[in-house]
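Structure record follows, encoded as structure tokens.
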Protein chains: 2
Amino acid sequence: MSTPSKDRLRLWLRLLGLTRHVDGHLRDKLRLEFKTTLPRFDVMAALSRHPEGLKMSQLSGVLRVSNGNVTGIADRLAEEGLVERVPVPGDRRAMILRLTPAGNVEFAQQATAHEGWINDMLHGISAADARLMAAQLIAVAQAAENKEEINDPSHA
Amino acid sequence: MSTPSKDRLRLWLRLLGLTRHVDGHLRDKLRLEFKTTLPRFDVMAALSRHPEGLKMSQLSGVLRVSNGNVTGIADRLAEEGLVERVPVPGDRRAMILRLTPAGNVEFAQQATAHEGWINDMLHGISAADARLMAAQLIAVAQAAENKEEINDPSHA
DNA sequence: TATAGATATTTTAATCTTAAAGTATCAGCA
DNA sequence: TGCTGATACTTTAAGATTAAAATATCTATA
């Protein structure tokens, strides 16, 4: 049987299946080839896009994870000398987290490999199709977010 | 700049973004409306598709998670009387996990709500588009898996 | 039968994750 | 100055997750 609701459920299950598959593969690769994890990679990627560093709260904001979560990951990366906490002049509550030179070197290697793994896994999709699907997904995501605003006007 | 590799990377980031968004929403809903979690829901969903129950190892196989992972979730569900462990006649090592009658009732409600949440979130996609995108994603997933077999023939 | 290797599950140690509570600091105002 | 509420971060408790080690049982075979 096929109803619109079931069709959307099946789409979601496909989406989830593919994402988990790729995600799992990336985690394996990061562990085996760089002895690191996806959350650590995500933190370093965010810092890499902001060479001047990010406050802990900004970091948890862009990564969309909790504050406490970032604390632990930052602790472990700092222990290995890949990131460092810098005091914020004028606000003794805040700390800026930024990549160390060693962290920059390490992340550059990881990012290159990361792009390559994804290119390999998604090689069955042409560049044109990839752009098309990405555009479709943007539309889907926007529809989903609009729907939420209707249900929860607090975001306004 | 746009290279095939970057196009695929961007597609992956979109895919991941949408999936995390929907996934997070589902987790929130399960927690707020049913005081449960997605991993618990996943276990119950798998058992629901197999009314006679599944051995622990079969369950971790179906869900593609580790054995130890299922042990903990099953423990907590069993504590609440939603699932039960049944000995396997003729093999004292193995245990079958199955939904209790209470678990069946509870899951039926969760599954209905779950389908509704997804239908709401993906309402911006027509049923026809949903079927089309699902078909596209199957092709993508197959391409990704074929790629892996080439790199790792052990799966043959 | 004894045992060696395979199989099914649980346990353990580490990381990730969140919500909620706790600590320190800041900013505005009486 | 001293208070109050907000802000920035860390800590805590609980669950999820994995790989690897530990247990228990089974199976085949010498």
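The values are calculated or read from the model by the stated rules, or taken from the named source; none is laboratory data. As the structure is a prediction and not an experimental result, all values here were calculated from the model. Cβ sites come from the backbone with ideal geometry, for glycine too, and all protein chains shown count toward neighbours. In case anyone asks, the SASA skips ligands and DNA or RNA and just uses the protein heavy atoms, side chains included. Shrake-Rupley method; radii C 1.70, N 1.55, O 1.52, S 1.80 Å.
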Check: From the backbone phi of the range B:50-60, what are the Karplus-calculated ³J(HN,Hα) couplings (6.51 cos²θ - 1.76 cosθ + 1.60, θ = phi - 60°) in whole Hz, Gly and Pro given as x?
Finding: 10, x, 7, x, 9, 5, 3, 5, 5, 4, 5
Check: Remind me, relative contact order of chain B in percent, using alpha carbon pairs under 8 angstrom and six or more residues apart?
Finding: 18
Check: Counting only heavy atoms of protein chains, what accessible area per residue, in Å², does chain B have with a probe of 1.4 Å?
Finding: 56
Margin query: Residue by residue through the range A:109-122, what is 3J(HN,Hα) from phi via Karplus (6.51 cos²θ - 1.76 cosθ + 1.60, θ = phi - 60°)? Round to whole Hz and write x for glycine and proline.
Written below: 5, 5, 5, 4, 4, 4, 4, x, 4, 5, 4, 5, 5, 9
Margin query: Suppose accessible area is computed on protein heavy atoms with a 1.4 Å probe; arrange A:Met56, B:Met1, B:Met95, B:Met133 from highest to lowest.
Written below: B:Met1, B:Met95, A:Met56, B:Met133
Margin query: Once the label point is set 7 Å along the Cα-to-beta-carbon vector, what list of distances in nm do you get between A:Lys6 and its counterparts in the other copies?
Written below: 4.4
Margin query: Just to verify a number: what accessible area does A:Phe34 come out at with the full protein assembly present, 1.4 Å probe, Å² rounded to tens?
Written below: 40
Next item on the list: Sort shortest first the distances from A:Ala127 to its counterpart in every other copy, using label points 7 Å along the Cα-to-beta-carbon line, and give them in nm.
Entry: 3.9
Next item on the list: Note the distances from B:Gly17 to each other copy's matching label point, with points 7 Å along the Cα-to-beta-carbon direction, in nm, sorted shortest first.
Entry: 2.6
Check: What residues have an amide H closer than 5 Å to that of B:Thr36, excluding those fewer than 5 places away on the same chain, when H is modeled at 1.01 Å from N in the peptide plane?
Finding: B:Arg31
Note to self: Probe radius 1.4 Å, ligands and nucleic acids ignored: give me the carbon and sulfur share of the accessible area of the protein assembly as shown as a rounded percent.
What the structure shows: 53
Next item on the list: Would you mind giving the total buried accessible surface between chains B and A, with a 1.4 Å probe and ligands, DNA and RNA left out, rounded to the nearest 100 Å²?
Entry: 4900
Note to self: Rounded to the nearest angstrom and ordered from largest down, what semi-axes does the equivalent ellipsoid of the protein assembly as shown get from its C-alpha gyration tensor (root of 5λ)?
What the structure shows: 34, 25, 23
Margin query: Threshold 30 Å², probe 1.4 Å: give the residues of the range B:1-17, in number order, that are less accessible with all protein chains present than with their chain alone.
Written below: B:Ser5, B:Asp7, B:Arg8, B:Leu9, B:Leu11, B:Trp12, B:Arg14, B:Leu15
Item checked: Gyration tensor (Cα) of the range B:4-124, equivalent ellipsoid semi-axes in angstrom -> 31, 19, 11
Margin query: Once you place label points 7 Å from the Cα toward the Cβ at A:Asp28 and B:Thr3, how far apart are they in nm?
Written below: 2.5
Check: In chain A, what residue has the beta-carbon at the shortest distance from the axis of the rotation relating A to B, and what is that distance in angstrom, rounded to the whole number?
Finding: A:Thr19, 2
